[in-house]
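A short write-up of the structure that comes next.
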Amino acid sequence: MNIVDKLIENTIRTKNPSVIGLDPDIGKIPACYKVNAKSNNPFEAVANVIYEFNRDVIDTVADLVPAVKPQMAFYEKYGSYGVAAFEKTVAYAKSKGLVVIEDAKRNDIGNTAGAYADGHLGCVELLDGSCSPSFDADFLTVTPFLGSESLHPFIDVCVKNSKGIFVLVKTSNTSSGEIQDVVVSDGMTISQSIAKYVSEQADAFTGEHGYSSIGAVVGATYPEEAVSLRKLMPKSYFLVPGYGAQGGSAKDIIPCFNEDGLGAIVNSSRGILYAHMSETERQQCSRDEYLQCVVAATITMKTEIYTVLKKNYTNMIY
């Protein structure tokens, strides 16, 4: 199965085109997860809390969302222990039927790009000559600014292993326009030029629902740009950051979708994990109280997005 088809089927089942970002900020994780942390190594203690926290969130939202998106930076900063927590998080989320989007923004050229692609999406060679999955995420975010030779290794691994990538096209941060909105010689912006390339690659790797797992990151904070990018990339799935805490609204994400209500997955991290509680409340709440807030925030986001899509796209298939 093309992994984009699994993402779509999960979306149809849950009636929810959104993804929860698993960005474990140890300073914001409720105190109830930290009180019994056991390890003589402080990095291992943090990693144990992160995994336990992620596991509870995954159990809580597994029937409500199609996917989760762990941001690698929050794990890598704790070294090998943090990476181990990431690996366990990926495996656990997949065991619950969720699609896993690894947000790591990797890239390089030549065999280095190939090593990233194999490690995060494909298989790696072992001492006996066999190959085995390593991180084994379903999707990976990648940067395009080293050109096509840096992206081809990822695309090749996606085709070979039924995985997917989201290429940074128009990101949600306020300074993105300093580079991405620059007009190049053909009159297109850099974002539009990247989108044209992504669309060409997407055409060769589409699933049963007509979408490609060679997708794009398109921020919710720039709805006007999303209109043109959707036209340039009709078959590519969009990963849409910037919703909620970064200022993007349900109305802003409309251009990222197609008439069938598909074509995009909207991310929220802080809005689901932390924004619903004050620091004092996070210090005092129980796990059940915290997870009830996670459920409420997830359902609120789902309702907001689904309602606005239903209002604007009468041909939605779910």
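Quotient of the Cα radius of gyration of the chain and 2.2 N^0.38 Å, N being its number of residues: 0.98. Counting only lysines at least 8 places from residue 160 when in the same chain, those with an alpha carbon closer than 19 Å to its own are 6. Measuring from centroid to centroid over Cα atoms, what is the spacing of region 100-117 and region 252-318 in Å? One Cα centre to the other: 29 Å. Each Lys and Arg adds +1 at its Cβ and each Asp and Glu adds -1 at its Cβ; summed about the Cα centre, the chain shows a dipole of about 660 debye. Taking R0 as 25 Å, what's the FRET efficiency between residue 39 and residue 112 from their Cβ-Cβ distance, rounded to 0.05? FRET efficiency, residue 39 to residue 112: 0.15. Here residue 183 and residue 259 are evaluated by their C-beta separation; at R0 = 41 Å the FRET efficiency comes out at 0.90.
Only one residue of 17, 218, 168 has its Cα farthest out toward the positive end of the dipole of the chain, where Lys and Arg carry +1 and Asp and Glu -1 on Cβ, and that residue is 17. Ordering 271, 4, 199 by the projection of their Cα atoms onto the charge dipole of the chain, which places +1 on the Cβ of Lys and Arg and -1 on the Cβ of Asp and Glu, puts 271 at the extreme positive end. Legend: residue pairs 96/311; 69/251; 38/88, Cα-Cα distance threshold 24 Å; pairs beyond threshold, 96/311. If I take R0 = 22 Å and measure r between the Cβ atoms of residue 311 and residue 231 in this structure, what FRET efficiency does the formula 1/(1 + (r/R0)^6) give, to the nearest 0.05? Efficiency for this residue pair is about 0.55. Need the full-extension length gain, residue 73 to residue 284, defined as separation in residues times 0.36 nm minus the C-alpha distance. One decimal, nm. Separation in residues times 0.36 nm, less the Cα-Cα distance, equals 73.2 nm.
Taking every DSSP helix (H) stretch of at least 4 residues in the chain, weighting each as -39,500 (n - 2.57) and dividing the sum by the residue count yields a mean residue ellipticity at 222 nm of -13500 deg cm²/dmol. Peptide packing for 216-223, 124-131 was compared via the average number of neighbouring C-beta atoms within 10 Å per residue; ordered from the highest value, the list is 216-223, 124-131. Note on region 30-160: dipole from Cβ charges, positive end direction compared against 115, 99, 154; the farthest Cα belongs to 99.
Eigenvalues of the alpha-carbon gyration tensor of region 148-211, scaled by 5 and square-rooted, set the equivalent ellipsoid semi-axes at 25, 13, 12 angstrom, largest first.
Helices in the chain that qualify as membrane-span-like (whole DSSP H runs, Cα extent of at least 27 Å along the helix axis, mean Kyte-Doolittle hydropathy of 0.0 or higher) are 42-61. Applying a 4.7 Å Cβ-Cβ cutoff to the chain, the cysteines left without a disulfide-compatible partner are 32, 158, 256, 285, 293. Beta bridges assigned by DSSP with both partners in the chain are antiparallel in approximately 15 percent of cases.
We did not get these values from a lab; they are worked out from the coordinates using the rules stated. Note that the structure is predicted; figures quoted are calculated from it, not measured. Every residue, glycine among them, receives a Cβ derived from its backbone with ideal geometry; neighbour counts consider all protein chains shown.
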